[in-house]
1. Go through segment 122-138 and give me each residue that's within 17 Å of the chain's Cα centre (by Cα) and buried (at least 17 other Cβ atoms within 10 Å of the Cβ).
2. Any idea which of (1) within 16 Å of ligand 1 (Cβ to nearest atom); (2) surrounded by 15 or more Cβ atoms within 10 Å (Cβ to Cβ); (3) more than 27 Å from T149 (Cα to Cα) is the one I57 doesn't satisfy?
3. Within segment 102-115, can one find any residue that is within 23 Å of Q73 (Cα to Cα) and without any contact (Cβ under 8 Å) to a residue 24 or more places away in the chain?
4. Restricting attention to segment 111-123, does a residue exist that is away from ligand 1 (no atom under 16 Å from the Cβ) and within 25 Å of C185 (Cβ to Cβ)?
5. So the check is Cβ under 7 Å with 6+ separation or different chains; which pairs have a first residue in segment 125-151 that's over 20 Å from M48 (Cβ atoms) and a second one that's surrounded by 14 or more Cβ atoms within 10 Å (Cβ to Cβ) and of a type in the set (S, T, N, Q)?
6. Can you go through S3, S20, S11, S53 and tell me which one is farther than 26 Å from L122 by Cα, of a type in the set (G, A, S) and at pLDDT 95 or above?
7. Count, please, the residues in segment 56-105 that happen to be assigned to a loop (DSSP other than H, G, I, E, B) and in contact with an Asp or Glu (Cβ under 8 Å, 6 or more places away or on another chain).
Amino acid sequence: MTSLSRTITISILFIILKTSFRPCFIVSSNSTPIPTPWPHQFHSILFMNYSGSLQIIDLWYDWPNGRNFNIIQDQLGKLLYDLEWNNGTSFFYTLDSNKECRTAQIEVGILRPDWLDGAKYLGQRHVDGFLCNVWVKVDFIWYYEDIVTKRPVHWAFYTGREAHVMTFEVGATLEDAKWQAPVYCFDHRNEAAGLTRQSLFE
Ligand SMILES: *[C@@H]1O[C@H](CO)[C@@H](O)[C@H](O)[C@H]1NC(C)=O
Ligand SMILES: *[C@@H]1O[C@H](CO)[C@@H](O)[C@H](O)[C@H]1NC(C)=O
């Protein structure tokens, strides 16, 4: 072999090596974790803490039926029902003798199962005793998902409001009769436009 052909052979080998290694780099950059989409139906009990004000939220997410329910118990306080429909109508009411109800028309419907798409990956952190992947969505919500089970563990809003996910029952549904806002929601004196979502996005 002449020295020129040796140089060419080595160059070709290099090119082959470089080209065949490239897919590895592509694979590694694709392996940035992405958040698991929400199951289309689930029930979750959330322990909420907003600067020391505590709440338990019963969350019923029901995408196929276009509805989402937050039943919010303030510590030693009010039990508030926040019923959201995908057409943008939300009802906030109590079921006690006060018969309170507010309705709101919101431009966006309920959260889509893939609402975390495009969130920025921040790495792994321990939260609530679980090792989690963490993402931030538009500097609005920090979302922590268990790296093993892929279940949500915790989320936190830019306001400081925090949700600790206590249960996560995939496929659980609330019976239809419970999704009926009370009759006093339908007298139109209570209408208030422009309210924001009480539930996840307060
Ligand atoms: C709630 O959050 C505050 C910080 O805002 C913290 O000091 C407090 O310990 C938390 N309470 C509970 C019960 O987690
Ligand atoms: C949206 O759907 C709910 C439940 O069916 C209904 O009560 C409400 O009136 C609807 N809102 C609009 C604007 O159609």
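1. Hits for segment 122-138 are V127, C132, N133, V134, W135.
2. (3)
3. no
4. First pass over segment 111-123, keeping only residues away from ligand 1 (no atom under 16 Å from the Cβ): 111-123.
After this cut, where a residue has to be within 25 Å of C185 (Cβ to Cβ) as well, the list is 111.
Looking for residues that are away from ligand 1 (no atom under 16 Å from the Cβ) and within 25 Å of C185 (Cβ to Cβ), one finds at least one in segment 111-123, hence yes.
5. I147/N133; K150/T36
6. Values: S3 fails: at pLDDT 95 or above; S20 fails: at pLDDT 95 or above; S11 fails: at pLDDT 95 or above.
Just one listed residue meets the conditions, S53.
7. Within segment 56-105, the subset assigned to a loop (DSSP other than H, G, I, E, B) is 63-66, 75-78, 86-88, 94-100.
This time we only want the ones that are in contact with an Asp or Glu (Cβ under 8 Å, 6 or more places away or on another chain), so: 88, 94.
So the count comes out to 2.
The values are calculated or read from the model by the stated rules, or taken from the named source; none is laboratory data. Just so it is clear, the model here is predicted, and its values are computed rather than measured. All Cβ positions, even for glycine, are placed from backbone atoms using ideal geometry, and neighbour counts span all protein chains on display.
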